[in-house]
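Contents: one structure, followed by commentary.
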Amino acid sequence: MSQTGVKLSVQHLSHSFGSFRALQDVNLDIRHGEFVCILGASGCGKSTLFNAVSGLLKITEGRILLDGRDIAGRPGEVGYMLQKDLLLPWRTVLGNITLGASLTHGATREDRAKAAELARRYGLGDFLRHFPRALSGGMRQRVALMRTIAAGREVMLLDEPFGALDSQTRIGMQQWLLQVWKELSRTVMFVTHDVDEAIFLADRIVLMQPRPGRIAKILQVEIPRPRAMDVLTSPVFVETKRQIMDMLYSEKTLHGVPAAAELPA
């Protein structure tokens, strides 16, 4: 997997909703094939950042470049998976995976064949004719991710895709996602509130602070790949988590409230 060359560049991005400043001068370069996690408290602008990169939001200031092309305000240039799977209940697994093709040009036999092969490759081959109601939460998220992958975009935005899953299912999905990411060489931006999840998945972690949302620190994760669950108890994992927790909860600027010692009696 190449880690050279900038794939996606966010440059001096700011955005306001009326008088509310949601993002302030966000600058971030993401390399081809890199896995970057965005971590921060609620209200720090993570979803606004994703909506801007996806083209769903007309930004107030700045540029968003994909392979050097400005894609600000242009939907469809990157893949975008929300926290809710948003599967269409009247479409089968195969029908949901090929939804993008159906909407853009009408799913062809080739589109369906590619989607079926993708599903079989990643453990959904026996469920192609099933409807979403017959699937577990983890399987529904797999289908949603397959739908995002099938769109063929090299950059994928994943907004807390595992947030609603139980812990055991979530761990399994994290391992599965890393396998898919490695084999397909996609560039991933991943929003999460879970520190362990961010460390386990990411090459780099972007810590954001609120009011207005901005980048506080970018942390390189110095854990070799491939990663198995035993890294969760390794000294480097524990030390990385300690650094992040200190930054998230020891610096008042990161969560936008006074430190306890500064509160009035």
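Here are a few things to note about the model shown:
- Of the listed requirements (1) in a loop (DSSP other than H, G, I, E, B); (2) within 25 Å of residue 56 (Cα to Cα), residue 141 misses just one: (1).
- Looking across the stretch 196-219, the residues that are surrounded by fewer than 20 Cβ atoms within 10 Å (Cβ to Cβ) and closer than 17 Å to residue 178 by Cα come down to 196, 203, 204.
- Filtering the stretch 163-182 to residues that are in contact with a helix residue (DSSP H, G or I) (Cβ under 8 Å, 6 or more places away or on another chain) and assigned to a helix (DSSP H, G or I) leaves 169, 170, 171, 172, 173, 174, 175, 176, 177, 178, 180.
- Residue match in the stretch 79-91 (condition: within 25 Å of residue 216 (Cα to Cα) and among the acidic types (Asp, Glu)): no
- Condition check for residue 190: among the aromatic types (Phe, Trp, Tyr), under 17 Å from residue 82 (Cα atoms) and at pLDDT 90 or above: yes
- Selected residue (criterion: surrounded by the fewest Cβ atoms within 10 Å (Cβ to Cβ)) from residues of the stretch 98-117 that are hydrophobic (A, V, I, L, M, F, W, C) and modelled with pLDDT of 85 or more: 113
- Per this entry, residue 174 is counted among residues that are without any contact (Cβ under 8 Å) to a residue 40 or more places away in the chain and touching an Asp or Glu at 6+ places or on another chain (Cβ under 9 Å).
- Residue in the stretch 150-162 that is modelled with pLDDT of 90 or more, loosely packed, with under 15 Cβ neighbours inside 10 Å, out of contact with any strand residue (DSSP E or B) (no Cβ under 7 Å at 6 or more places or on another chain) and not in a strand (DSSP E or B) present: no
- Qualifying residue in the stretch 146-165 (condition: over 20 Å from residue 94 (Cα atoms) and over 14 Å from the mean Cα position of the chain (by Cα)): yes
- Hey, residue 88 surrounded by fewer than 17 Cβ atoms within 10 Å (Cβ to Cβ) and of a type outside the set (D, E, K, R) or not: yes
- Criterion violated by residue 29 - all others in (1) under 12 Å from residue 8 (Cα atoms); (2) buried (at least 19 other Cβ atoms within 10 Å of the Cβ) satisfied: (2)
The values are calculated or read from the model by the stated rules, or taken from the named source; none is laboratory data. Given the structure is predicted, the values throughout are model-derived calculations rather than measurements. Every residue, glycine as well, gets a Cβ built from its backbone with ideal geometry; the counts of neighbours run over all protein chains shown.
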